[in-house]
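Novice: Quick one: the structure is below, and I'll ask about it shortly.
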Amino acid sequence: MSDFRAEFMEVYEKLKAEILKDLDINLTNGACDWIAKMLDHNLLGGKLNHGLSAIDSYSLLKEGKQLSSEEIILISSLGWCIEWLQGYFLVHDDIMDGSSKRRGQPCWFRLDKVGMIAVNDGVLLRNHIAVILKQHFRGKPCYVDLLELFNEVEYQTACGQMIDLITTQEKDLSKYSLSIHGRIVQYKTAYYSFYLPVACALLMAGENLDNHANAKDILIKMGIYFQVQDDYLDCFADPQVLGKNGTDIKDFKCSWLVVKALERCNEEQKKILDENYGIDDKACVAKIEALYKDLKLEDVYREYEENTYEELINSIEDEETKLSKPMQAVLKSFLEKIYKRQK
């Protein structure tokens with residue numbers, strides 16, 4: 001876990017205050033109160049791993065040298081930009097999925113007097129990133145690269161969400177495969193959750209992202225592993241521990257579990273999948289969960305996790321990837337944070 005959490009939280013309060021005092025927009029007191037509540041609800045309460053990973057990555061790239069106060073503020077600001085981006089994605093994702101809980105509390109759009117105002121709140125969250133970057137990075141060599149990076153990752157994530165939604169909408173299990181699952185995950189999750197924090201740290205350290213393609217490839221593979229974990233936990237984790245109720249089965253998601261079930265099931269079991277997967281009914285969901293247990297998907301997942309962990313470690317340490325020792329440390333730090341996670 002990051003040693004910079006206290007400083008990170010201080011920077012959050014600083015950034016929130018700057019946004020609320022933005023001189024370009026004369027907000028009413030009611031609007032300021034709304035934004036403050038919206039920010040706290042959608043940005044706090046989670047593990048903050050995305051943002052803290054940016055700080056940890058930068059610290060490791062600096063090979064343990066003590067960071068100056070300015071460096072901590074700057075890299076924390078980038079970490080919060082990632083958290084802001086995730087908040088924007090999750091607000092809209094919860095609306096599209098019709099979710100009820102997020103991080104153990106009601107989704108923002110579920111609160112009284114919020115509803116579809118949450119759509120605009122998501123847009124505000126995205127635009128706050130530009131405000132933060134302009135305030136803290138304008139005039140620095142990495143400013144344009146940071147703007148382009150966040151734009152690129154937002155676009156990739158939106159494309160992943162689109163593929164996910166239209167694939168789900170077709171309600172055709174025959175179109176679900178590991179390749180489709182991997183494509184959705186690469187764009188929807190891996191770029192912003194794994195590549196973005198490291199890319200931010202690299203840019204702030206004065207690095208050219210084109211020189212770190214091998215690290216990017218490994219981070220994308222980690223992101224896919226992370227989403228497979230999410231798919232597994234959505235079905236098998238305790239909702240009280242996970243902080244939300246699993247919805248992949250009733251939402252007809254192209255989950256790793258259903259893809260694996262399709263690979264392993266016989267004709268009778270395939271009929272159970274066809275008749276019950278994607279039905280918003282507790283009995284139907286229970287039948288799918290029972291089928292997953294019959295197919296021993298928990299064991300299949302554990303084998304996948306061990307093999308993936310070993311493959312990732314070997315890729316990081318492989319001399320042919322030509323990763324520096326600090327970059328190896330960054331990648332191993334990411335992997336250790338997610339290996340065998342429970343939520």
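The values are calculated or read from the model by the stated rules, or taken from the named source; none is laboratory data. Everything numeric in this text was worked out from a predicted model, so none of it was measured. As a convention, Cβ positions derive from the backbone with ideal geometry for all residues, glycine included, and neighbour counts pool all protein chains shown. Side chains are part of the model used for accessible areas, which takes the heavy atoms of the whole protein and leaves out ligands, DNA and RNA. Shrake-Rupley method; radii C 1.70, N 1.55, O 1.52, S 1.80 Å.
Novice: Under 1.5 on a/c is rounded, so check that first for segment 1-115, then, if it is not, pick prolate when a/b is larger than b/c and oblate when it is not; a ≥ b ≥ c are the square roots of the alpha carbon gyration tensor eigenvalues.
Specialist: It comes out oblate by the Cα gyration axes.
Novice: Anything over 31 Å Cα to Cα? Flag those among 188/340; 175/216; 293/325; 47/188; 171/337, in the order listed. Write down the numbers at each step before the final one.
Specialist: Working: 188/340 22 Å; 175/216 28 Å; 293/325 42 Å; 47/188 19 Å; 171/337 35 Å.
As for pairs spanning more than 31 Å Cα to Cα, those are 293/325; 171/337.
Novice: Along the Cα→Cβ direction, 7 angstrom out, place labels at residue 340 and residue 213. What is the inter-label distance in nm?
Specialist: Calculated label separation equals 3.6 nm.
Novice: Rank 157, 28, 321 by mean-square fluctuation in a GNM of the chain with C-alpha springs under 10 angstrom and give only the top-ranked residue.
Specialist: Comparing 157, 28, 321 in the GNM, the peak value goes to 28.
Novice: Sticking with this structure for a sec: Quick check: the distance between the Cα centres of segment 222-298 and segment 55-91, to the nearest angstrom?
Specialist: Going from one Cα centre to the other spans 35 Å.
Novice: Hey, got the dipole for the chain? About the Cα centre, +1 on K and R Cβ, -1 on D and E Cβ, debye to the nearest 20? Please report the intermediate quantities before stating the final value.
Specialist: Working: 42 positive and 56 negative charges, 129 e Å.
Around 620 debye, computed over the chain.
Novice: Which trypsin sites (Lys or Arg not before Pro) does segment 72-138 hold that lie in a coil by DSSP with at most 11 other beta carbons within 10 Å?
Specialist: On the way: sites: 101, 102, 103, 110, 113, 126, 134, 138; in loops: 103, 113, 138.
Those satisfying the criteria are 113, 138.
Novice: Give the Rg (one decimal place) followed by the Dmax (whole number) of segment 196-252, computed from C-alpha coordinates and expressed in Å.
Specialist: Cα radius of gyration and Dmax of segment 196-252 are 16.4, 46 Å respectively.
Novice: Taking 0.36 nm per residue of sequence separation and subtracting the Cα-Cα distance, how much length would be gained by fully extending the chain between residue 205 and residue 275, in nm to one decimal? Intermediate results must be reported in sequence, preceding the final value.
Specialist: On the way: separation 70, 0.36 × 70 = 25.20 nm, distance 5.35 nm.
The residue 205-residue 275 span can extend by a further 19.9 nm.
Novice: Starting from the exponent 0.38 and prefactor 2.2 Å, build the expected Rg for the chain from its residue count and divide its actual Cα Rg by it. Write out the running numbers ahead of the final one.
Specialist: Numbers: Rg = 20.8 Å, N = 343, 2.2 N^0.38 = 20.2 Å.
Here the Cα radius of gyration is 1.03 times the empirical estimate.
Novice: Tell me, what % of the accessible area of the chain is carbon and sulfur with a 1.4 angstrom probe?
Specialist: Values: 8220 of 16810 Å².
Of the solvent-accessible surface of the chain, carbon and sulfur hold 49 percent.
Novice: Take the alpha carbon gyration tensor of segment 298-343, find the square roots of its eigenvalues, order them as a ≥ b ≥ c, and report rounded if a/c is under 1.5; if not, report prolate when a/b exceeds b/c, else oblate. Mind dumping the intermediate values first?
Specialist: Details: a/c = 5.69, a/b = 1.76, b/c = 3.23.
Verdict is oblate for segment 298-343.
Novice: What does the extension gain come out to for residue 310 and residue 332, with contour length at 0.36 nm per residue minus their alpha carbon separation? Display every interim value, and only then the final one.
Specialist: Details: separation 22, 0.36 × 22 = 7.92 nm, distance 1.15 nm.
Fully extending the segment from residue 310 to residue 332 adds 6.8 nm.
Novice: A follow-up question, please. Using the Cα gyration tensor of segment 89-229, with a ≥ b ≥ c the square roots of its eigenvalues, what is the shape: rounded (a/c below 1.5), prolate (a/b larger than b/c) or oblate (neither)?
Specialist: On the way: a/c = 2.40, a/b = 1.20, b/c = 2.00.
It comes out oblate by the Cα gyration axes.
Novice: Return the distance in nm (one decimal) between the two label points of a simple spin-label model at residue 294 and residue 101, each offset 7 Å from Cα along Cα→Cβ.
Specialist: A separation of 2.9 nm, rounded to one decimal place.
Novice: Set the Förster distance to 41 Å, then compute FRET efficiency between residue 37 and residue 143 from the Cβ-Cβ distance, nearest 0.05. The partial results should precede the final answer.
Specialist: Numbers: r = 31 Å, r/R0 = 0.75.
After rounding to 0.05, the efficiency reads 0.85.
Novice: What accessible area per residue comes out for segment 302-343, rounded to a whole number of Å², with a 1.4 Å probe? Can you show the working numbers first?
Specialist: Working: 2610 Å² over 42 residues.
Each residue of segment 302-343 exposes 62 Å² on average to a 1.4 Å probe.
Novice: Restrict the search to segment 1-95; then list the GluC sites (Glu not before Pro) that DSSP places in a loop and that have at most 11 other Cβ atoms within 10 Å of their Cβ. Display every interim value, and only then the final one.
Specialist: On the way: sites: 7, 10, 13, 18, 63, 70, 71, 83; in loops: 63.
Hits after loop and neighbour filter: 63.
Novice: Which net charge results when you count Lys and Arg as +1 and Asp and Glu as -1 among the other residues whose beta-carbon is under 13 Å from that of residue 159?
Specialist: Numbers: positive: 183, 188; negative: 152, 154, 164.
Local charge sum for residue 159: -1.
Novice: I'd like to check one number: the per residue accessible area of segment 1-113, probe 1.4 Å, reported in Å² as a whole number. It would help to have the intermediate numbers written out before the result.
Specialist: Details: 5500 Å² over 113 residues.
Result: 49 Å² per residue.
Novice: For the chain, with a Gaussian network of springs between Cα atoms less than 10 Å apart, report the residue from 130, 31, 261 with the top mean-square fluctuation.
Specialist: Highest fluctuation of the listed residues: 31.
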